Amino acid sequence: MASVETLFRLDGRVAVVTGGAGLLGYQHAATIAALGGLPVLLDINAQALADNATRLEAETGCKALTLVADITDIDALRAAWEQLQAHHGRVDILINNAARNPKVENANGQDFSRLEHFPWEQWRLDLDVGLGGAFNCAKVFGQQMAKQGRGVIINIASDLGVIAPDQRLYRKEGVEPDNQPVKPVTYSVVKHGLIGLTKYLATYWCEQGVRCNALSPGGVHAGQNDVFVAKLAQLIPLGRMANADEYRGAIAFLCSDASSYMNGSNLVIDGGRSAW
């Protein structure tokens, strides 16, 4: 029987983190590195990707492979796999973390975040990246895991993949009701869709030893204004938003053998928000 410490180790395991140039992407990669794994940062933003890789090496001593690719382009992802295969020869973990969360600005007196005005092109872009990108990455990297006979896929969803947005959080004083900003519909649709994709993938390659689970974080501190933070804190039993590093334990659990009998589940870590 393996010790608890051993269960969480990821020595030599290669982990692709999409959205690797972002806030949580860095945290996921740092967790992989701390447990002996080999993080691979994948993102379309080459400069931010390089910055995160430099930071990761400085803080953990791990030199991560970086892959610049558009996850909506299946051919670009196949080329990324070729680079990864040449460097590491395998892939053991995929964390589908990439997403769009655009700030929709007012235009011509209409707030385009509202469903009535939400542009079709915005809908398509958000779903293409957040949901289509996860599908593409599972298609390219997941099938390699299946060929190897082992692997883990983690889809980063959200508490808003479990509950609806509380649009009161986004209201502004002095704005007409029909033009109040809201959390765009695509965010919820993508995050709910990722949980559905998780269940599908969990049963698709299970006979080949590939597990798939989702992680649904709550709101993370990332420079939001104080008014918004205070409003959101009132909706959370713990009374605050999460710090960026507070999901490291969950990533360690989901990526490792510590969760070996967990498959098709959604781990909600939202400070208790969805319990109210």
(message) Counting only helical runs of four or more DSSP H residues, what would the 222 nm mean residue ellipticity of the chain come to if each run contributes -39,500 (n - 2.57) and the total is spread over all its residues?
(response) -10500 deg cm²/dmol
(request) Among the listed pairs 63/139; 172/231; 139/183, give every one whose C-alpha distance is greater than 19 Å. (result) 63/139; 139/183
(request) Could you run the Karplus curve 6.51 cos²θ - 1.76 cosθ + 1.60 with θ = phi - 60° over the stretch 4-15 and give me ³J(HN,Hα) per residue in whole Hz, x for Gly and Pro? (result) 4, 4, 5, 4, 8, 6, 10, 3, x, 7, 9, 10
(request) Measure of size requested: the Rg and Dmax of the stretch 169-245, with Cα atoms as the atom set and Å as the unit; please supply both. (result) 17.5, 57
(message) Taking 0.36 nm per residue of sequence separation and subtracting the Cα-Cα distance, how much length would be gained by fully extending the chain between residue 204 and residue 262, in nm to one decimal?
(response) 19.4 nm
(request) Among 4, 19, 256, flag the residue with its Cα farthest along the positive direction of the charge dipole of the stretch 4-269, charges on Cβ as +1 for Lys/Arg and -1 for Asp/Glu. (result) 4
(request) Run the quick spin-label model on residue 59 and residue 73: label points 7 Å from Cα toward the beta carbon, then report their separation in nm to one decimal. (result) 2.9 nm
(request) With a 10 Å radius around each residue's Cβ, average the other Cβ atoms per peptide and rank 67-74, 208-215, highest first. (result) 208-215, 67-74
(request) Could you state, as a whole-number percent, how many of the C-alpha pairs of the stretch 14-102 are farther apart than 22 Å? (result) 16 percent
(message) I'd like to know which of 210, 125, 162 lies farthest towards the positive end of the charge dipole of the stretch 119-213, counting +1 on Cβ of Lys and Arg and -1 on Cβ of Asp and Glu.
(response) 210
(request) Would you kindly work out the equivalent ellipsoid of the stretch 210-276 from its C-alpha gyration tensor and give its semi-axes, the square roots of five times the eigenvalues, largest first in whole Å? (result) 27, 12, 8
(request) Starting from the amide H of residue 40, placed 1.01 Å from N in the peptide plane, find each other amide H under 5 Å away whose residue is 5 or more places distant or on another chain. (result) 15, 16, 17
(message) Starting from 0.36 nm per residue, how many nanometres of slack lie between residue 226 and residue 170 once their C-alpha separation is accounted for?
(response) 18.9 nm
(message) Give me, ordered by chain and number, the residues 5 or more places off residue 267 or on other chains with an amide H under 5 Å from its own placed amide H.
(response) 214, 215, 216
(request) Report the relative contact order of the chain, percent, no decimals, based on alpha-carbon pairs under 8 angstrom and at least 6 residues apart. (result) 19 percent
(request) Determine the per residue accessible area of the chain with all protein chains present and a 1.4 angstrom probe, expressed in square angstrom. (result) 48 Å²
(request) Set the Förster radius R0 to 22 Å, insert the Cβ-Cβ distance between residue 185 and residue 245 as r into 1/(1 + (r/R0)^6), and round the FRET efficiency to 0.05. (result) 0.15
(message) Compute, for the chain, the length of the dipole vector about the Cα centre, with Cβ point charges of +1 (Lys, Arg) and -1 (Asp, Glu) only. Units Debye, rounded to 20.
(response) 540 debye
(message) Given Cβ point charges of +1 (Lys, Arg) and -1 (Asp, Glu) and nothing else, what value in debye, to the nearest 20, does the dipole of the stretch 22-131 about its Cα centre take?
(response) 280 debye
(request) With +1 on each Lys and Arg Cβ and -1 on each Asp and Glu Cβ, and nothing else charged, work out how big the dipole of the stretch 138-267 is about its Cα centre, in Debye to the nearest 20. (result) 320 debye
(request) Return the percentage of antiparallel bridges among DSSP beta bridges fully within the stretch 1-153, rounded to the nearest 5 %. (result) 10 percent
(request) For the chain, set up a Gaussian network in which alpha carbons nearer than 10 Å are linked by springs, and say which option among 51, 178, 245 fluctuates the most. (result) 178
(request) Determine, for each peptide in 93-101, 249-257, the mean count of other beta carbons within 10 angstrom over its residues, then list the peptides with the highest first. (result) 93-101, 249-257
(message) Taking the 0 to 90 degree range and rounding to the nearest ten, how far is the long axis of helix 46-60 tilted relative to the main principal axis of the chain, both from C-alpha atoms?
(response) 60 degrees
(request) List the longest stretch of the chain that has no exposed loop site; here a site is one of the GluC sites (Glu not before Pro) assigned by DSSP to anything other than H, G, I, E or B, with at most 13 other Cβ within 10 Å. (result) 1-104
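The values are calculated or read from the model by the stated rules, or taken from the named source; none is laboratory data. It should be emphasised that the depicted structure is a prediction, and the values quoted were computed from it without experimental measurement. With ideal geometry, Cβ positions are generated from the backbone for all residues, glycine too; neighbour counts draw on all protein chains shown. Side chains are part of the model used for accessible areas, which takes the heavy atoms of the whole protein and leaves out ligands, DNA and RNA. Shrake-Rupley method; radii C 1.70, N 1.55, O 1.52, S 1.80 Å.
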